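Okay, so here's the structure we're looking at.
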Amino acid sequence: MNLNVLSIFFTTKFVPLIFTIIGFGLLITIHEFGHFIFCKIFGVYTPTFSLGMGPKILEKKIGTTNFRLSAIPLGGYVEIAGLAEVGGQGEQEHSKLTGGQSFESKPYWQKAIILLGGVLFNLLFAYIFFSIIYFYGVPKQKADLIINTKIEKTIQKKFNIAPEDKIISIDNQNLSSDPKKLIPVLQKYFLKKFTGADIIPLTVLRNNKNIKLNLNFKSEKEQDEFLGSLQLKTTPIEGQYEKHSLFGAIGKGIQVTNGWIFNIIYGIKCLITERTLKGVGGPVMILSKTFETAQKGFLPLLIFLCIISINLAVLNILPIGALDGGQFLFVSVEAIIRRPIPETIKLVINIGSWILILGLVLYLSYKDLMAIIWK
């Protein structure tokens, strides 16, 4: 079915809300399925696989696994025998299981693949569906590089820029409205390693007047500050679509997904170095943005879900105890030192990381709600 045909089903707010809930839950279920399928491949017992969380509605045993439909459709989980998880879903009755079907009995490389299976499947989702999107065709885009409307006044004064300034040339090179040509220019001038020696001539359009600026970053922090003030504003060109051959679409899907991986990692790096949560959205904001996107049609929703899926993959690989990356770090350390990490140490790290994550989620949710209320 043509992706554009599905957009007719998004004409009411009720239908986008349903697809928002299903889409968001689907991404987490895909993540858990990544763990599940590698458990099955390597012979690790999985007592329960649940679509959704909370109280069960339906349950059917297939093979050795109870497949469950639960009441809260935002996510899912898989229980892995021999892998105790603080805050894990389900009964966790088999978390201490030993023997050939337990997670703990498997060699390091199998443990690593099982733990990273969710991340791999979230990325696979993005690679596949971005490729499908480019095969069927997406609206051609024109892009403008502008200064973010929410830029702080201190940053405005430092670089002599203003909100909604449109950058029309860099180093006397006129910028194209073609995103393919614009992004390499960004990488050349603003994503290169800071040297402190370069002066970058800039021309911006402000109130229909061309204003010439000279950027001279005095530190890597200043370079990051200016980069953080930039916003790539894309607008679809009506009636023009970009389609690719099968292999061309696959290549494009890989390119776009890799680009988002890079952008997310760079964003996390900036948040850590600047020690700020400004611009970070929590679950409430993500659901709100997903709903807004769903109202625009099926294709924008699918693109947005691909981006969220990449975010889930990158965030889950962070070496934090409660996340896949933290569990992967544990088994890696154990493989190096050739003995188990004491359970008390794991427990303290996991509980501490869960407290940190839940506190962050609550804070971001409060901030999101205040932003939505004031809006």
Residues in the range 225-261 that are surrounded by 14 or more Cβ atoms within 10 Å (Cβ to Cβ), more than 24 Å from the chain's Cα centre (by Cα) and closer than 30 Å to Ile161 by Cα total 0
Report, by residue number, each residue of the range 33-55 that is outside the structural domain of Phe125 (by TED's automatic domain parsing) and under 20 Å from Gly23 (Cα atoms). Phe49, Ser50, Leu51, Gly52, Met53, Gly54
Residue pairs qualifying under the 7 Å Cβ cut-off, at least six apart or on distinct chains, with the first in the range 335-358 being within 26 Å of Lys106 (Cα to Cα) and the second being surrounded by 10 or more Cβ atoms within 10 Å (Cβ to Cβ) and of a type in the set (Ser, Thr, Tyr), are Ala335/Tyr108
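Surrounded by fewer than 22 Cβ atoms within 10 Å (Cβ to Cβ), small (Gly, Ala, Ser), modelled with pLDDT under 70 and assigned to a loop (DSSP other than H, G, I, E, B): which single residue out of Gly100, Gly82, Gly88 fits that description?
Values: Gly100 fails: modelled with pLDDT under 70; Gly82 fails: modelled with pLDDT under 70.
The conditions single out Gly88.
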Residues being of a type in the set (D, E, K, R) and loosely packed, with under 13 Cβ neighbours inside 10 Å: count how many of those fall in the range 202-220. 3
In the range 34-50, which residues are in contact with a helix residue (DSSP H, G or I) (Cβ under 8 Å, 6 or more places away or on another chain) and surrounded by fewer than 20 Cβ atoms within 10 Å (Cβ to Cβ)? Ile37, Phe42, Tyr45
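Can you find even one residue in the range 171-187 that is among the β-branched types (Val, Ile, Thr), modelled with pLDDT of 75 or more and assigned by TED's automatic domain parsing to the domain that holds Gln231? Before the answer, list the steps.
Just the residues of the range 171-187 that are among the β-branched types (Val, Ile, Thr), to begin with: 183, 185.
Right, trim to modelled with pLDDT of 75 or more and you get none.
For the range 171-187, residues among the β-branched types (Val, Ile, Thr), modelled with pLDDT of 75 or more and assigned by TED's automatic domain parsing to the domain that holds Gln231: absent.
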Residues in the range 315-340 that are part of a helix (DSSP H, G or I) and closer than 18 Å to Leu358 by Cβ: how many? 6
Residue among Leu356, Leu312 that is modelled with pLDDT under 85 and either assigned to a helix (DSSP H, G or I) or touching a strand residue (DSSP E or B) at 6+ places or on another chain (Cβ under 8 Å) (or both): Leu356
Being assigned to a helix (DSSP H, G or I) and either buried (at least 17 other Cβ atoms within 10 Å of the Cβ) or modelled with pLDDT under 95 (or both) narrows Ala112, Ala143 down to just Ala112
Being crowded, with 19+ Cβ neighbours inside 10 Å and at pLDDT below 80: is that true of Phe24 here? yes
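Under the condition of being in a strand (DSSP E or B) and among the aliphatic types (A, V, I, L, M), which residue from the range 30-58 is nearest to Gln101 (Cα to Cα)?
Let us first name the residues in the range 30-58 that are in a strand (DSSP E or B), namely 48-58.
Keeping just the survivors that are among the aliphatic types (A, V, I, L, M) gives 51, 53, 57-58.
Numbers: Leu51: 23, Met53: 25, Ile57: 28, Leu58: 26 Å.
Out of the qualifying residues, it is Leu51.
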Evaluate the following for Ile250: is it in contact with a strand residue (DSSP E or B) (Cβ under 7 Å, 6 or more places away or on another chain), farther than 29 Å from Thr273 by Cα and either touching a residue at least 60 places away in the same chain (Cβ under 8 Å) or outside the structural domain of Leu123 (by TED's automatic domain parsing) (or both)? no
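The values are calculated or read from the model by the stated rules, or taken from the named source; none is laboratory data. Keep in mind that what you see is a predicted model, and the values were worked out from it rather than measured. Positions of Cβ are backbone-derived with ideal geometry, glycine not excepted, and every protein chain shown enters the neighbour counts.
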